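This report refers to the structure that appears directly beneath it.
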Ligand code: ZN
């Protein structure tokens, strides 16, 4: 096993066991439900956008496989404090990453998912939280990866 896949396993396991920003937001300005029928992942993403357009808080809840939960957990860390526009740009970069293009510098720690395009069945698990975030910020209440 290569170092990269070792690290991937460790990060996924850690975030799956201790998901960051897991729970509900009291009064989210945006929220969306995301469902991945392929795997059964079902999560909600809550976003609090402040008056200045920055994401003041973001949380998620629901149930999903390890990759889904780890991806959602890492997404909350990546976008908290960013503007809506920056978060949506990162969503686009992450979509490219899941197709095997890890060239964006903005991805940072999210590059851990750079090998996942080799496992098409898991790509939707990793993408679900981001689709829900995109749905929330563009006022779609529910999104499905199908
Ligand atoms: Zn899944």
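In degrees, nearest 10, range 0 to 90: what is the angle between the Cα axis of helix 3-17 and the longest Cα principal axis of the chain? Taking the Cα atoms of the chain, the angle to 3-17 is about 40 degrees.
Calculated from the alpha-carbon coordinates, the range 35-138 shows an Rg and a Dmax of 12.9, 41 Å respectively. Taking a point 7 Å from the Cα of residue 66 along the Cα-to-Cβ direction, the residues of the range 15-45 with backbone N closer than 18 Å to it are 15-20, 39-42.
Please compute the length gained on full extension between residue 138 and residue 38, using 0.36 nm multiplied by the number of residues separating them and subtracting their Cα-Cα distance. Working shown, then result.
Values: separation 100, 0.36 × 100 = 36.00 nm, distance 2.39 nm.
Contour length minus Cα-Cα distance gives 33.6 nm.
Computed extension length for residue 95-residue 146: 16.9 nm, one decimal, from 0.36 nm per residue of separation with the Cα-Cα distance subtracted.
Show me the ranking of peptides 79-88, 14-23 by mean Cβ neighbours inside 10 Å, starting with the highest.
Numbers: 79-88: 17.0, 14-23: 15.0.
Ranking the peptides 79-88, 14-23 by packing returns 79-88, 14-23.
Take every pair of alpha-carbon atoms less than 8 Å apart whose residues are at least six positions apart; their mean separation over the length of the chain yields a relative contact order of 30 percent.
As a check on your grasp of the helix formula, calculate [θ] at 222 nm for the chain: sum -39500 (n - 2.57) over DSSP H runs of n ≥ 4, divide by the residue count, round to the nearest 500.
Numbers: 4 runs with 62 residues, N = 146.
Taking each H run of at least 4 residues, the total per residue is -14000 deg cm²/dmol.
For the chain, the longest principal axis of the alpha carbon atoms and the long axis of helix 120-137 meet at an angle near 20°. Can you give me the Cα centroid spacing of the range 81-136 and the range 29-44 in angstrom? Spelled out, the Cα-based centre of one part sits 16 Å from the other.
Bear in mind that the values in this text are calculations on the coordinates, not laboratory data. Predicted model only: the values in this text are computed from it and were never measured. Every residue, glycine among them, receives a Cβ derived from its backbone with ideal geometry; neighbour counts consider all protein chains shown.
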